[in-house]
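Chemist: To start, I am sharing the structure in question, which I have written as structure tokens.
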Amino acid sequence: MAEPEAVEAPRSRFAEAIWASLPSVLSVGLSLLVCLLMIAITKGSLSIAGSAYLEMLRGGLGDFEAFGEAGVWTLLTRPWGEAATKAAILTFTGLSVAVAYRAGLFNIGAQGQMTVGAIAAAALGAKLSLPFGVHAAVCVLGAAAAGGAYGIIPAVLKLRRGVHEVISTIMLNWVAISLVENWLVVGPLRAAATGDNSISGTDQIAATAALPRLLSDGSRLHAGFPLALLAAFAAWIWLFRTRLGFETRAMGQNAEAARAAGIPSARRSLQAMVLAGALAGVAGSLLVQGTELRFPATLGAPYGFDGIAIALIGQTHPLGVGASALLFGILRAGGTRMQLLHVHKSFPELIQGLALLFVAGRLIWQWALTRRAKRAPAASGPPAPAAPAPPAPAAAVPSGGGA
Amino acid sequence: MAEIELKSARLIQLSHISKAFGKVLALDDVSLELRPGEMLALVGENGAGKSSLMNVLYGLYHPDQGELRIKGERVRLRGPKDAIARGIGMVHQHFMLVPTLTVAENVVLGREPTRRGLLDLKRAQQEVEATCKRFGFQLDPTARISGLTVGSQQKVEIVKALHRGAQVLILDEPTAVLTPQEADELFRVARGLSAEGHTVVLISHKLKEVLAFAQRICVMRRGKMVASVAASQTDTRRLANLMITGEEESAAAPSLHVTAEGSAAATTASAGEPLLKLDGVCAGPKLTGATLEVRAGEIVGIAGVDGNGQRELAEVVTGLRPVDRGEVRLCGATGSLDPHEARHRGVSHVPEDRLLHAIVGPMRVDENVSLGRQEQPPFARGPWIDFTGRRERTQALAEAYDVRPRDPSIPCGRLSGGNQQKVVFARELDARPKLLVAVQPTRGLDIAAVAAVRRKLLEEKARGVGVLLVSLDLEEVLALSDRIYVMFEGKVAGERPRGADERELGALMLGGAAHG
Amino acid sequence: MIQVLESLLFSTLEYAPALIFASLGAVLSERSGVVNIGVEGMMRVGAFAAAVAALAMPTSVALLAGMAAGAALAAIHAYLCVKWRSDQVVSGMALNLVALAGVTFLLESLYSPTGTPPIEQLHRWTLPGIASVPLLHALSGHSGMTYLALAAPFVFHLFLWRTAAGLRLRSAGEKPAAVATMGISVSLLRTLAVLGSGTLAGLGGAALSTSTLDRFEHHMPSGLGFMAVAAIVFGRWTPLGAFGAALFFAAGNALRIGLASSAPGVLEVIPQGFLLALPYVLTLLLLSTRQRQSGAPAALGTAYDPEAR
């Protein structure tokens, strides 16, 4: 059609970043509000809901009032530790999904890759005896290798046989969970019965394999948290500053054009999926080496599936992923404290799920925001839809094979 | 009695129709009348609003303003269903057929005969057979669409409209995918329908066929209706002026006819060393033995009906498609090709579908310019992206190729089609190729942009670049090429020099031996 | 031996309905072109709603509540994916997460963290005449869900391939524009298909809590929704194929549970984990040997924009 050639005037990068993150921020806000009302309705009182939220914040950010009265540092550091350990795991699974997404692959399989990584870390941690420091690093690297290897499978199935990665990673999740939790953990790797206390899960890892704690004994804040921040930063550098990252993103947004430009797309896909698997694997190792100190009977919280929410709420931008992981790490650490008011500790997961649902309706936000922008005076209003969208995977067609 | 009254009446009146898509005004106060039994052509450049206007008439688009009257009665079409019920049928440029279903199933879709709640396929086949017979189409109702030729699929589309009792038949760029012979056949059918009292509207930008076919020609430009003239009282030059400037006589119109003759300096005689030699190349099911040669400093055109292996040929040369058999000698080497290797040997590629194969829409213009050479200076420094070098080179190219707007940081997908094509040309020619493979390089561009692209191709030829031009537009191939290969069913069916006869090429395109 | 087969067949028929209904629902949605990996969540809300309703009303009526709950979740999916052209995989996963956490929250708020109180199970029908016939005997003594689940796939086959609506639905999944230009609303077709899909998934979930068991348990449906997705891929997006796959997977499940209770020795040799992983490994193997012909609808996963230019 007769298109006007002038596009909007260039605006500052900062304004653009704010504008782009708006749908996510609003989604999280709306989700918090909806969930608040939900507690209010089920408990029959808005003030209970309010105090439940307050408890959640105390549990995640620290109980500042009690600290003011008692002056005991653990009142702050313990919640921080809980929030940070959860945020670290969420960062890794979120990055796993985000990196694959940028390469045009929807990695539903972070859960499976994480399970494989966790069992690798648990086995290496319990079976090897290495000096302090080296042991922990070997376990983390072993988990990354295991997760990465598991990530190769969907990549190869897609490249060689045209199997859509959404289908294959769903299948591989259950394969990993079944084999690890219902075979390895109850069979070959079951904890040796010590005395009469029957432990479920694998043997406890050696003290040398545990991730070093960063604060005093009251807090579980461990080296995994700075590692996660580092990983988010490194992923950002890789995706947006290096040639390889550029090639990967180009492939993710238009595989055909990337191939025509001579980008070895098969190799880039494989690299991205190995990286995604490795990141999820490290998430598993953090859970084992930082929190559980063994592979428990079941992994419990579905951090791998949460990674999808974290990645998309963070708009698949590594720094956005870090921010959303931190936020939900805090909320989830606080979830335990909500039980004081008889709200289930998994409540923050509901907030997270709803936020993802609202993020999924991105076009609704864009429509609503541009309508507001239009009504506002033209000069000050934000410009038309800037498509602050994360790239859609090249084809979101989870057909088993086919095109 | 009533019928006679209708004949003289206006069958359809579109008055003061406006329609906007976001910020773009696709239709701006357009009015049009259709009379019974009339053969009308709607012409205009790409994006002039022809298809949008017809989509309004077909109920696919809801106009923002204006009214529609059918047989004098004011109507509001809520969707194609209403339009179909009022006797309007449309054959879309891209066929609207379900490939996995049969002809009969496709034709009856939406008004299926049923028996006791179940689909009555027998009756569907009989009904479709009856419609085919009545209008003289030869189609097997039980054949699957995916197995039909393009020409037959188009017939299914027409049968689909007639089966629903269409009085008005809209044909949107129907000849784009047909050979001249198939197009003749289509127009014969259309004339027959018109003689029976059907109104036929032809949307096209091919002025020759419009003049041969229509009684009345309406010209659109930038969303407005600029003229309605009798075919007998106009010619291609006047129509072209109307399309480009909105006036019949205008000095400002850019030259339409950029041809090889125009750049007299470069002729076949001056063609240099061979750059590309294919010998019995087979690749996939569609390319079954291509033998041809391209030399430095010549434009070699590839003509053929869509789907006869031209696309695959271009993919082989650019390394996108592996060769099954035969030899490819490219720039002096014969080793196997991939896109990276092809670029390395000096091949640049302007592919058929920009947004699919050349441009990453959501990425910035400078990122798109670096594609293909993203690992070389000035686009990279070691493993790192060279942001400054990339921006500077992009700005220089945007200046040289007049890309608007100049800003290298906006997403490429937001540029207009013509400007996207400029970005692609700038990028591909900046690589200083020896061989340029251009597939349908002017598709979807307006006339000024078409002329610019054609001029660019001739400039490259003059610089000694070999150009392999694949186009479904026979006129374009004839206008630019020094030599023409015609492809049929995956093989080169013949080679002709510049100035070959259009009919003769058409016969070759259909696999017939050249007669005369 | 006959007795072993009988009990295997019997328990297969006990587990199968949930999987069959969920797979049929997924076939319906995906045939119209909308990916539905939210089946797991839809089953979960269906199972919960049916159990809760059955506390207050006859269980057979409570099934309606389960279906309605599944459909309600599906309505969100349809709204996001059909009306707003959201990413169908993202929307489905989001619904799974919401259903997982939301039901956990409600369960704990209203009852206990582990499950609802027991409800009256669906009536079990004794088929006259086959009580003494060996093997066939196992067909008797199931709830209505089982018999419905055995008949439904054939009805769906008939619907998809022999009715006008089925023709339109399949066309919407193959080439939506062709349907739209014939004056049929793609949005309406797809919305109805997704709603139907949610209703069936809800019914499948309800089968778990009202027929297979007599209460809602906190882990339900523990991955059956994803197994249903495997079943439709396995069954090439056809009702009968998905039916076959669902029966096969259910038989695998029955075998595993049967072995665990009656012959634990076998599980020492073949670990349970292997049997649990089997359906997924088989689906992957099948996908990787099939030559690019998956049978998936051509337009699956792509939103249809009627005014796209």
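The values are calculated or read from the model by the stated rules, or taken from the named source; none is laboratory data. This structure is a prediction, so every number in the text was calculated from the model and none was measured. Cβ sites come from the backbone with ideal geometry, for glycine too, and all protein chains shown count toward neighbours.
Chemist: Please give the number of the condition B:SER336 fails out of (1) touching a residue at least 40 places away in the same chain (Cβ under 8 Å); (2) surrounded by fewer than 24 Cβ atoms within 10 Å (Cβ to Cβ); (3) among the hydroxyl-bearing types (Ser, Thr, Tyr).
Modeler: Status for B:SER336: all satisfied but (1).
Chemist: Taking the range B:378-400 on its own, how many of its residues are exposed (fewer than 12 other Cβ atoms within 10 Å of the Cβ), under 15 Å from B:ARG427 (Cα atoms) and within 13 Å of chain A (Cβ to nearest Cβ)?
Modeler: Residues meeting the conditions: 0.
Chemist: Kindly provide the set of residues from the range B:338-368 that are within 20 Å of B:ALA283 (Cα to Cα), in contact with a strand residue (DSSP E or B) (Cβ under 9 Å, 6 or more places away or on another chain) and facing another protein chain (nearest Cβ under 7 Å), ordered by number.
Modeler: Within the range B:338-368, B:PRO339, B:ARG343, B:HIS349, B:PRO351, B:HIS357 qualify.
Chemist: Would you mind listing the helices (runs of 4 or more DSSP H) fully within the range A:13-121 where at least 1 residues are among the charged types (D, E, K, R), touching a His at 6+ places or on another chain (Cβ under 9 Å) and surrounded by fewer than 20 Cβ atoms within 10 Å (Cβ to Cβ)?
Modeler: A:13-43
Chemist: In addition: If you go through the range A:270-277 one residue at a time, do you hit one that is within 11 Å of another protein chain (Cβ to nearest Cβ), closer than 30 Å to B:PHE379 by Cα, outside any loop (DSSP other than H, G, I, E, B) and at pLDDT 90 or above?
Modeler: No, the range A:270-277 contains no residue that is within 11 Å of another protein chain (Cβ to nearest Cβ), closer than 30 Å to B:PHE379 by Cα, outside any loop (DSSP other than H, G, I, E, B) and at pLDDT 90 or above.
Chemist: For the range C:149-236, give me every one of the helices (runs of 4 or more DSSP H) that falls completely inside it and has 3 or more residues that are over 20 Å from C:TYR15 (Cα atoms) and under 20 Å from the mean Cα position of the chain (by Cα).
Modeler: Result: C:164-174, C:186-207.
Chemist: Give me the residue from the range C:169-178 that is out of contact with any His (no Cβ under 9 Å at 6 or more places or on another chain) and at the interface with chain B (Cβ under 7 Å from one of its Cβ atoms) and, out of that set, surrounded by the fewest Cβ atoms within 10 Å (Cβ to Cβ).
Modeler: Only one residue fits best here, namely C:GLU174.
Chemist: Condition check: modelled with pLDDT of 95 or more, more than 14 Å from chain C (Cβ to nearest Cβ), surrounded by 24 or more Cβ atoms within 10 Å (Cβ to Cβ) and more than 30 Å from A:GLY44 (Cα to Cα). Does A:VAL282 satisfy that?
Modeler: Yes, satisfied.
Chemist: Can you confirm whether the range C:269-280 contains a residue that is in a loop (DSSP other than H, G, I, E, B) and either within 13 Å of another protein chain (Cβ to nearest Cβ) or touching an Asp or Glu at 6+ places or on another chain (Cβ under 7 Å) (or both)?
Modeler: Yes.
Chemist: Restricting attention to the range B:112-136, which residues are at the interface with chain C (Cβ under 10 Å from one of its Cβ atoms), among the aliphatic types (A, V, I, L, M) and crowded, with 17+ Cβ neighbours inside 10 Å?
Modeler: B:LEU119, B:LEU121, B:ALA124
Chemist: Could you run through the range A:165-180 and say how many residues are farther than 20 Å from C:GLU40 by Cα and either within 7 Å of chain C (Cβ to nearest Cβ) or assigned to a loop (DSSP other than H, G, I, E, B) (or both)?
Modeler: Residues that pass the stated criteria total 1.
Chemist: Let me ask you something else. Is it the case, given these coordinates, that C:SER86 is in a loop (DSSP other than H, G, I, E, B) and touching a helix residue (DSSP H, G or I) at 6+ places or on another chain (Cβ under 6 Å)?
Modeler: In short, yes.
Chemist: Restricting to the range B:100-110, count the residues that are in contact with a Lys or Arg (Cβ under 9 Å, 6 or more places away or on another chain), more than 7 Å from chain C (Cβ to nearest Cβ) and over 15 Å from C:ILE184 (Cβ atoms).
Modeler: Matching residues across the range B:100-110 total 2.
Chemist: Another question about this same structure. Tell me which of these C:ALA131 doesn't satisfy, since it passes every other one: (1) more than 14 Å from every other protein chain (Cβ to nearest Cβ); (2) assigned to a helix (DSSP H, G or I).
Modeler: Only one criterion is unmet by C:ALA131, namely (2).
Chemist: Something else about it: Could you count how many residues in the range C:99-122 are in contact with a Gly (Cβ under 7 Å, 6 or more places away or on another chain) and farther than 14 Å from C:PRO221 by Cα?
Modeler: 1
Chemist: A further question follows. For B:ASP184, only one of the following conditions fails: (1) of a type outside the set (Val, Ile, Thr); (2) in a helix (DSSP H, G or I); (3) in contact (Cβ under 8 Å) with a residue 12 or more places away in the chain. What is its number?
Modeler: Failing condition for B:ASP184: (3).
Chemist: Additional query: Please work out if B:ARG454 is among the charged types (D, E, K, R), within 28 Å of B:ASP482 (Cβ to Cβ) and within 11 Å of chain A (Cβ to nearest Cβ).
Modeler: No.
Chemist: If you don't mind, another one. Name the residues in the range B:78-90 that are modelled with pLDDT of 90 or more and either in a loop (DSSP other than H, G, I, E, B) or more than 11 Å from chain C (Cβ to nearest Cβ) (or both), would you?
Modeler: Across the range B:78-90, the qualifying residues are B:ARG86, B:GLY87.
Chemist: Of all residues in the range B:407-418 being at pLDDT 85 or above and more than 18 Å from B:GLU352 (Cβ to Cβ), which is farthest from the other protein chains (Cβ to nearest Cβ)?
Modeler: B:PRO408
Chemist: Consider A:GLY314 carefully, then state whether it is under 17 Å from the mean Cα position of the chain (by Cα) and surrounded by fewer than 23 Cβ atoms within 10 Å (Cβ to Cβ).
Modeler: In short, no.
Chemist: Could you tell me whether any residue of the range B:325-332 is more than 8 Å from chain A (Cβ to nearest Cβ), within 25 Å of B:GLY307 (Cβ to Cβ) and surrounded by fewer than 17 Cβ atoms within 10 Å (Cβ to Cβ)?
Modeler: yes
Chemist: Also, quick follow-up: Within the range A:245-257, restricting attention to residues that are at the interface with chain B (Cβ under 7 Å from one of its Cβ atoms) and part of a helix (DSSP H, G or I), which residue is surrounded by the fewest Cβ atoms within 10 Å (Cβ to Cβ)?
Modeler: Ranking the qualifying residues of the range A:245-257, first place goes to A:GLU256.
Chemist: When the residues of the range B:306-325 are narrowed to those that are of a type outside the set (Asp, Glu) and within 29 Å of B:GLU182 (Cα to Cα), which ends up modelled with the lowest pLDDT?
Modeler: B:GLY307
Chemist: Identify, by number, the condition in (1) within 14 Å of chain A (Cβ to nearest Cβ); (2) farther than 30 Å from B:GLY110 by Cα; (3) hydrophobic (A, V, I, L, M, F, W, C) that C:ALA72 doesn't meet.
Modeler: (2)
Chemist: Name every residue in the range B:187-209 that is in a helix (DSSP H, G or I) and either in contact with a Leu (Cβ under 7 Å, 6 or more places away or on another chain) or over 23 Å from B:GLY246 (Cβ atoms) (or both), in order of residue number.
Modeler: Passing the criteria: B:PHE187, B:ARG188, B:VAL189, B:ALA190, B:ARG191, B:GLY192, B:LEU193, B:SER194, B:ALA195, B:LEU207.
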